[in-house]
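The values are calculated or read from the model by the stated rules, or taken from the named source; none is laboratory data. Every value quoted in this text rests on a predicted model; they were computed, and no experiment measured them. Backbone-built Cβ (ideal geometry, glycine too); neighbour counts: all protein chains shown. Just the protein is used for accessible areas: all its heavy atoms, side chains included, with ligands, DNA and RNA removed. Shrake-Rupley method; radii C 1.70, N 1.55, O 1.52, S 1.80 Å.
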Amino acid sequence: MLVELFGSALVAALISAAACRAIIALGPLDTPNAPRHAHTNPTPTSGGIGIALGFAAGMLALALLSDMFSAEITPRGVLLMAIASGFSIVFLLVGFWDDARPLSASLKFAIFAALSILAAIIVGPVSIFPVGDGAWTAPAWAALMGTALWVFVMVNTVNFMDGANGLAMGSVAIGLIALAAISFVAGRYSAVALTACSVGAIVGFLVWNFPRGLLFAGDSGALFTGALAALVSLIVIHRTGLSPVVPAIVFFPLLADALLTLAWRMYKRHSLLDGHSEHVYQILIRGGLSHAEVALLYWIAMALCGGIGFLVAEDAGVFAWVALASLAFLAVTASTIVRRFASRAKVGGV
């Protein structure tokens, strides 16, 4: 089985890399016409199309050249894989539309909200939260809204964080690997199959994106991988009984930067729908760190959080909540220090 998974990941990586090379020559350009842009020259974008093509090729190879779908994955698991792939492709198309002809923030908000609610309904709301030796069951309406909010937040988080070469895409890949490890140990392989193809496709894209920045993922890539991350999380929760807190730990570095920046902007009474450059990673880049250094910093943080998520997955009643609270405290502290230092050093955008 491992050979089949690695084989599908290799197929995904090769097709993604080839497709991304074609997009560099033929695809749309991202012109640096807003202060939030970290690049200075027009750069090919919509690398998400290449990622999606690689993902599809990997999934097709796994379906045709192995018996995993019939021998290792239940019909319910196959159905959830199809749903997750389908919704991710819809987000991809919205992102490509936005890459080619930018959409208004309010229209994107409405589209993302509608798709998130629909995904929550079809995949199934998450309602059980382990607490101590017992569990709290959320009311049906709260479970539905909470699940939709998870999809909405993850999709937007990856989009917000896609502003440094390799940072967002590499971080998503690391988070998916952690979820795959949890699912593999539990003997549920639908999420493992999705992850193998997703990570392979992202690696094929990173060949051109990290560290040179020859191609950007664009909104198509950010929305596609963000949707995959959100929906794979839901699949792992449904198929393994994982605490919903664990995916938040696994993707914590991305979530913390995005959510704390929104909180900062609310505190400063700035519009949440306007583009900006106030994320911690953007401040670090303006402070002198390279894109590669910032990306590697976030990758290390993602790997640590992925390890924590894996360790608490078996007994998530108390330890997961303690881990999440501890990480939140560290994130608030680090964000405050970075912003105060940037303000004193007169780094722009703070």
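Listed values, structure above:
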quantity: Per-region count, segment 235-257, residues over 24 Å from SER46 (Cβ atoms), within 10 Å of the chain's Cα centre (by Cα) and open to solvent by less than 10 Å² (accessible area, probe 1.4 Å); calculated: 0
quantity: Test: residue in segment 221-234 that is touching a residue at least 12 places away in the same chain (Cβ under 8 Å), in a helix (DSSP H, G or I) and open to solvent by 10 Å² or more (accessible area, probe 1.4 Å); calculated: no
quantity: Per-region count, segment 149-196, residues open to solvent by 10 Å² or more (accessible area, probe 1.4 Å), farther than 20 Å from GLY58 by Cβ and either free of Cβ contacts under 8 Å to residues at least 40 places away in the same chain or part of a helix (DSSP H, G or I) (or both); calculated: 10
quantity: Selection from segment 61-91 of residues that are farther than 19 Å from LEU234 by Cα and touching a helix residue (DSSP H, G or I) at 6+ places or on another chain (Cβ under 8 Å); calculated: ALA61, LEU62, ALA63, LEU65, SER66, MET68, PHE69
quantity: Flag for GLU293 being open to solvent by 60 Å² or more (accessible area, probe 1.4 Å), at pLDDT 90 or above and charged (D, E, K, R); calculated: yes
quantity: Among residues of segment 94-131, those that are assigned to a loop (DSSP other than H, G, I, E, B) and more than 23 Å from ILE83 (Cβ to Cβ), counted; calculated: 4
quantity: ASP99, sole failed condition from (1) crowded, with 22+ Cβ neighbours inside 10 Å; (2) at pLDDT 95 or above; calculated: (2)
quantity: Failed item, numbered, when LEU5 is tested on (1) under 25 Å from LEU234 (Cβ atoms); (2) modelled with pLDDT under 95; (3) open to solvent by 50 Å² or more (accessible area, probe 1.4 Å); calculated: (3)
